[in-house]
Amino acid sequence: MQLGKLLWALLFLSVPIFGVVSFWVCHQHGALWPENISEVYGRKIDHLFDVITWITGIFFVGTELLLVYAMFTSKDEDAPEKADFVHGNRTLEIGWTLMAAAILIFVAFYQIPIWTEVKVQKPKKPADAHITASMWMWQVRYPLWDEQANAPRKLDVVQPALAETFELTNELHIPAKETVLIYVTSRDVIHSFYVPKMRVKQDAVPGLLIPVWFDAVRPGNYEFYCAELCGPGHYMMRARVVVHESRADYERWLREQTARLRAPGQPVQVMNTDTKSSVPTLAGN
Amino acid sequence: MSSHSENHGGHHGHELSFVRRYIFSTDHKIIGLQFFFTAWFMMVLGGLLALLIRWQLAYPDAEVPLIGRWLWPHNAGKMTPEAYVATVTMHGSIMIFAVVIPMTTAAFGNYLIPLQIGYRDMAFPTLNMLSYWFIWPALACFIASFFSASGPAGSGWTAYPTLSVIQQAAPGSGTGQTLWYLGLLFVGVSSMMGSVNYLTTIINCRAPGMTFFRLPMTTWALFVTAILQAFALPVLTVALILGLLDNLGFTSFFVPQNFDGNWIVNNFARRSAGGQPLLFQHLFWFYSHPAVYIMVLPTMGMASDIIATHVRKPLFGYKPMVFSILGIAGLGFIVWGHHMFVSGMNPTLGTAFMVSTIMIALPSSVKVFNWIFTVWGSKPNWSTALLFTLAFVSFFIIGGLSGIFMASTPTDIHIHDTYFIVAHFHFVIMLGGMFAIFAATYHWFPKMFGRKMNETLGKLHFVFSFIPIFIGFYLMHQVGLLGQPRRYADIRPMLDTEAGYAIMLMNKISTHSIFVFAAAQLIFAFNLFYSMFFGEKVDRNPWRANSLEWEAPSPPPHGNFERIPVVYRGPYEYSYPAAEEDYLPQTHPPIPGEEEHTGH
């Protein structure tokens, strides 16, 4: 056995070993694994992630080990015989082509229902908020509370009316344990609305109004930030999602905000640009 | 570079002046070497930018060593966010358009195609020379942008509008961005000249007996790459010209009707006239996704040739290898939308792009299996070239498999524009493509200079490249999953999350690993230049290889061959039992009883 060959095979063996071990350590160690606070949409995405991780993981380890084994069992340089004179194997070629095709087709079709649910079939419900991204902040517009109807006013997402909405900067309030529907657009360059812990991301494109839906089960404050390069301040474009315990809790918050704005002496917040000039086109769906 | 001078193979009747021979040369080998050295030079620049990026990610609050005080005196030697996004942009643009594409298609393509098909030069030598000289205006634009008043382009190598087309949007969107558009247009002109030349040469100038299915994989890959370039480049050119016109303020192809121009500049709104930012993304990725294959296919071809030669065994499944290259190229044209799953493109369209993208893993996996089975039962010589090629295979497996996460529309939502994708494409282009480029350099160096590169230094270079680069980039998958976005000048604000400390630690490990990798490249640089002048002298076929380039003297004179070779078989007849040696050159007359093998 040639020593050099053994050492090279061992070096290449370190790839699957380090690959699997480091991944496993991260998976076992809570802080190194991405937290998911979504019960419906995010959970489905994570489930698909697990399925793909298993499939690609088995392929990764299998092919890397096959390569190492081929290196390890290759003939020594000073061996008397020549290398095998083989040009291919029709059965093997057809076999692995069909196997790979079958697995890939499975992966492709397995995920179609998930994609349809998280991105194609918009939930039938009124919009909860409207986000305008701009360099380098998020302006979130909510419907005011309608005391007579005892419900939020209808949020006109194409052109949020100043009289029926109020605005917060860099703070998105949502109720827990239900599907939240918001619309994102941009005022200047392309931004991207990204909440890692809810597995949601959607580019905010100037001129387009794009619906996003997601959910969260655990109340609390979570980071959301911009994921599309939008200039030097890109890294500062960070904000928070405030998840309220329940719908009732969220509606109480909406009522409070409305009351505060309606209180005498309180100036009504307005967007600091002329909304008439920015009527975006409704995208998709 | 010039140990030969007298023997012109009877091709040129007169002596050429130094300038005509080495500077404005029409010889494909000189042009190849010009691209070769130009690309290595640009790689040093792009690599230094990469080190700046890594420094900033690991030590966002520390002074940049050596150059910090000089470049950013007003910021206590720390990198500014403007400088960071410009660094990211120029690193990507330079590495893709001025390093990897010129290195694979132009340097090795020029050098190898006529030699491997058995011809004296390219079909259009003057056009070939022009293709080299058109790369210089491009590099001049890239380099000049560093000296423009507001700095180089800062909208990423993808230059998405509206950031890239509104000069007032960001510092880098002014002159720097204009120069970026111009630079890329020049690169495109250069590439187009190269690709029509390659196509014509490969179709028309093959030596007698050199059928298509006797071409070495390198030439096959370069042939298919040339087709990709010829069809995809016009679309990029359109996107760049429209973007340039927008950037200069004449038009608004990519600026929407209702764009709130007042937000950026008071009088901007006047030229808003119903453009669409997503249009640029479609046009850009229609070229730039095939561009991934333009970078990777030639390295796959070279890897196939190098593996077969150095393991002394026929390439496993020659025809499946050819068809999988064609498959990758064909599918490569209908997958561009996978860059746009969360862009606002109609999500139903995303499903279609997802299916085509997933299916492109099929020809890729066929290639991987064939490489592994080429090594199976072989007799490797464990040269540096072979080790780098095997590393290319090993890393390409990772890059290919991590691609499935991105191709899958739902999982892409989470990892899009995070460090996961950064890890993925570096595993394909950097750890894959670059390692194949290293392998190709070690492998064809003896042909280029008549001397071998030092093997001991080569192995040292290999070990100190392989381990750190793997660790450095593998960890990026994890920080990406944890949500670290790309192109953030400072990721520390994420430290308030639980994962923040881990993210920071992994970034530091990545940075230090990549610095070790960078240091190892000094070994390579020394080896390259030392061996050029003092390396071990070799004859014309030091690897005992079969393909035609090894029939020519090393280095080949103008006109390449003493006489045009005649081809009797494919290039991979290694270890033929009935042959005396363990190789059987393509020009060796047929052995009685020999059959034609092309794989199954």
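The values are calculated or read from the model by the stated rules, or taken from the named source; none is laboratory data. Everything numeric in this text was worked out from a predicted model, so none of it was measured. No Cβ is skipped: glycine too gets one built from the backbone with ideal geometry, and neighbour counts run over all protein chains shown. The accessibility values were calculated without ligands, DNA or RNA, using every heavy atom of the protein model including side chains. Shrake-Rupley method; radii C 1.70, N 1.55, O 1.52, S 1.80 Å.
Look at B:Met302 and say whether it is at pLDDT 95 or above, within 14 Å of chain A (Cβ to nearest Cβ) and crowded, with 24+ Cβ neighbours inside 10 Å.
Values: at pLDDT 95 or above: yes; within 14 Å of chain A (Cβ to nearest Cβ): no; crowded, with 24+ Cβ neighbours inside 10 Å: yes.
Answer is no for this residue.
Could you check the range B:359-436 for helices (runs of 4 or more DSSP H) lying wholly inside it with 3 or more residues that are more than 30 Å from B:Leu457 (Cβ to Cβ), in contact with a Ser or Thr (Cβ under 8 Å, 6 or more places away or on another chain) and β-branched (Val, Ile, Thr)?
On the way: elements: B:361-375, B:384-407, B:409-415, B:419-425.
Correct list: empty, since no element meets the threshold.
Considering each of A:Pro113, A:Pro126 in turn, give the residue that is under 18 Å from the mean Cα position of the chain (by Cα) and open to solvent by 50 Å² or more (accessible area, probe 1.4 Å).
Details: A:Pro126 fails: under 18 Å from the mean Cα position of the chain (by Cα).
Result: A:Pro113 is the single residue among A:Pro113, A:Pro126 that is under 18 Å from the mean Cα position of the chain (by Cα) and open to solvent by 50 Å² or more (accessible area, probe 1.4 Å).
Within the bounds of the range A:60-70, is there any residue that is in contact with a Gly (Cβ under 7 Å, 6 or more places away or on another chain), within 7 Å of chain B (Cβ to nearest Cβ) and either assigned to a helix (DSSP H, G or I) or without any contact (Cβ under 8 Å) to a residue 60 or more places away in the chain (or both)? It would help to see each step written out before you state the result.
Step one: list which residues in the range A:60-70 are in contact with a Gly (Cβ under 7 Å, 6 or more places away or on another chain), which gives A:60.
Still in the list and also within 7 Å of chain B (Cβ to nearest Cβ): A:60.
Add one more test, that the residue is either assigned to a helix (DSSP H, G or I) or without any contact (Cβ under 8 Å) to a residue 60 or more places away in the chain (or both), and what stays is A:60.
Yes, some residue in the range A:60-70 is in contact with a Gly (Cβ under 7 Å, 6 or more places away or on another chain), within 7 Å of chain B (Cβ to nearest Cβ) and either assigned to a helix (DSSP H, G or I) or without any contact (Cβ under 8 Å) to a residue 60 or more places away in the chain (or both).
Out of all the residues in the range B:60-71, which are surrounded by fewer than 18 Cβ atoms within 10 Å (Cβ to Cβ) and more than 29 Å from the chain's Cα centre (by Cα)?
If we filter the range B:60-71 for residues that are surrounded by fewer than 18 Cβ atoms within 10 Å (Cβ to Cβ), which is where we start, we get B:61-63, B:65-67, B:69-71.
Those that are surrounded by fewer than 18 Cβ atoms within 10 Å (Cβ to Cβ) and more than 29 Å from the chain's Cα centre (by Cα): B:Asp61, B:Ala62, B:Glu63, B:Pro65, B:Leu66, B:Arg69, B:Trp70, B:Leu71.
Give me the strands (runs of 3 or more DSSP E) completely within the range A:97-170, filtered to those with at least 3 residues that are within 13 Å of another protein chain (Cβ to nearest Cβ), ordered by residue number.
On the way: elements: A:129-134, A:137-143, A:165-169.
Correct list: A:129-134.
Mind checking whether some residue in the range A:181-194 is open to solvent by 10 Å² or more (accessible area, probe 1.4 Å), in a loop (DSSP other than H, G, I, E, B) and under 23 Å from A:Asn221 (Cβ atoms)?
no
From B:Ser150, B:Ser145, B:Ser173, B:Ser131, which residue is open to solvent by less than 10 Å² (accessible area, probe 1.4 Å) and within 14 Å of chain A (Cβ to nearest Cβ)?
Numbers: B:Ser150 fails: open to solvent by less than 10 Å² (accessible area, probe 1.4 Å); B:Ser145 fails: within 14 Å of chain A (Cβ to nearest Cβ); B:Ser131 fails: within 14 Å of chain A (Cβ to nearest Cβ).
Step by step, each of B:Ser150, B:Ser145, B:Ser173, B:Ser131 is checked, and only B:Ser173 is open to solvent by less than 10 Å² (accessible area, probe 1.4 Å) and within 14 Å of chain A (Cβ to nearest Cβ).
Please go through the range B:484-517 and give me each residue that is outside any helix (DSSP H, G or I), modelled with pLDDT of 90 or more and closer than 27 Å to A:Thr56 by Cα, ordered by number.
B:Gln484, B:Pro485, B:Arg486
Within the range B:155-198, count every residue that is of a type in the set (Gly, Ala, Ser) and more than 22 Å from the chain's Cα centre (by Cα). Steps first, please.
Initial filter on the range B:155-198 (of a type in the set (Gly, Ala, Ser)): B:155-156, B:159, B:164, B:169-170, B:172-174, B:176, B:183, B:188, B:190-191, B:194-195.
In the following step, the residues that additionally are more than 22 Å from the chain's Cα centre (by Cα) were identified as B:164, B:169-170, B:172-174, B:176.
Adding up the residues that qualify gives 7.
Here is a yes/no grid of residues against (1) in a helix (DSSP H, G or I); (2) free of Cβ contacts under 8 Å to residues at least 12 places away in the same chain; (3) facing chain B (nearest Cβ under 8 Å); (4) of a type in the set (Phe, Trp, Tyr):
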{"position": "A:Leu11", "(1), (2), (3), (4)": "yes, yes, yes, no"}
{"position": "A:Val15", "(1), (2), (3), (4)": "yes, no, yes, no"}
{"position": "A:Val20", "(1), (2), (3), (4)": "yes, no, no, no"}
{"position": "A:Pro34", "(1), (2), (3), (4)": "no, no, yes, no"}
{"position": "A:Ile37", "(1), (2), (3), (4)": "no, no, no, no"}
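From B:Leu199, B:Leu182, B:Leu236, which residue is within 28 Å of B:Thr104 (Cβ to Cβ) and in contact (Cβ under 8 Å) with a residue 60 or more places away in the chain?
Values: B:Leu199 fails: in contact (Cβ under 8 Å) with a residue 60 or more places away in the chain; B:Leu236 fails: in contact (Cβ under 8 Å) with a residue 60 or more places away in the chain.
Sole residue among the options that is within 28 Å of B:Thr104 (Cβ to Cβ) and in contact (Cβ under 8 Å) with a residue 60 or more places away in the chain: B:Leu182.
Residue-wise test of (1) closer than 24 Å to B:Tyr287 by Cα; (2) at pLDDT 90 or above.
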{"site": "B:Ser150", "(1), (2)": "no, no"}
{"site": "B:Ala159", "(1), (2)": "yes, yes"}
{"site": "B:Ser173", "(1), (2)": "yes, no"}
{"site": "B:Gln177", "(1), (2)": "yes, yes"}
{"site": "B:Leu184", "(1), (2)": "yes, yes"}
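For B:Ile467, indicate whether it is part of a helix (DSSP H, G or I), open to solvent by 10 Å² or more (accessible area, probe 1.4 Å), out of contact with any helix residue (DSSP H, G or I) (no Cβ under 7 Å at 6 or more places or on another chain) and within 8 Å of chain A (Cβ to nearest Cβ).
Details: part of a helix (DSSP H, G or I): yes; open to solvent by 10 Å² or more (accessible area, probe 1.4 Å): yes; out of contact with any helix residue (DSSP H, G or I) (no Cβ under 7 Å at 6 or more places or on another chain): yes; within 8 Å of chain A (Cβ to nearest Cβ): yes.
For B:Ile467, the condition - part of a helix (DSSP H, G or I), open to solvent by 10 Å² or more (accessible area, probe 1.4 Å), out of contact with any helix residue (DSSP H, G or I) (no Cβ under 7 Å at 6 or more places or on another chain) and within 8 Å of chain A (Cβ to nearest Cβ) - is met.
Can you pull out the residues in the range B:521-550 that are surrounded by 23 or more Cβ atoms within 10 Å (Cβ to Cβ) and either farther than 24 Å from B:Ala207 by Cα or touching a Lys or Arg at 6+ places or on another chain (Cβ under 7 Å) (or both)?
B:Asn527, B:Glu549, B:Trp550, listed by residue number.
Considering only the range A:39-59, how many residues are of a type in the set (Phe, Trp, Tyr), at the interface with chain B (Cβ under 8 Å from one of its Cβ atoms) and open to solvent by less than 30 Å² (accessible area, probe 1.4 Å)? Break it down stepwise before answering.
Pass one, the range A:39-59, residues of a type in the set (Phe, Trp, Tyr): A:41, A:49, A:54, A:59.
The next check asks that each one be at the interface with chain B (Cβ under 8 Å from one of its Cβ atoms); those that pass are A:49, A:59.
Narrowing the set further to residues that are open to solvent by less than 30 Å² (accessible area, probe 1.4 Å) leaves A:49.
So the answer is 1.
Quick one: would you say B:Lys367 is within 12 Å of chain A (Cβ to nearest Cβ), within 15 Å of B:Val428 (Cβ to Cβ), in contact with a helix residue (DSSP H, G or I) (Cβ under 8 Å, 6 or more places away or on another chain) and touching a residue at least 60 places away in the same chain (Cβ under 8 Å)? Spell out the reasoning first.
Details: within 12 Å of chain A (Cβ to nearest Cβ): yes; within 15 Å of B:Val428 (Cβ to Cβ): yes; in contact with a helix residue (DSSP H, G or I) (Cβ under 8 Å, 6 or more places away or on another chain): yes; touching a residue at least 60 places away in the same chain (Cβ under 8 Å): yes.
Criteria met by B:Lys367.
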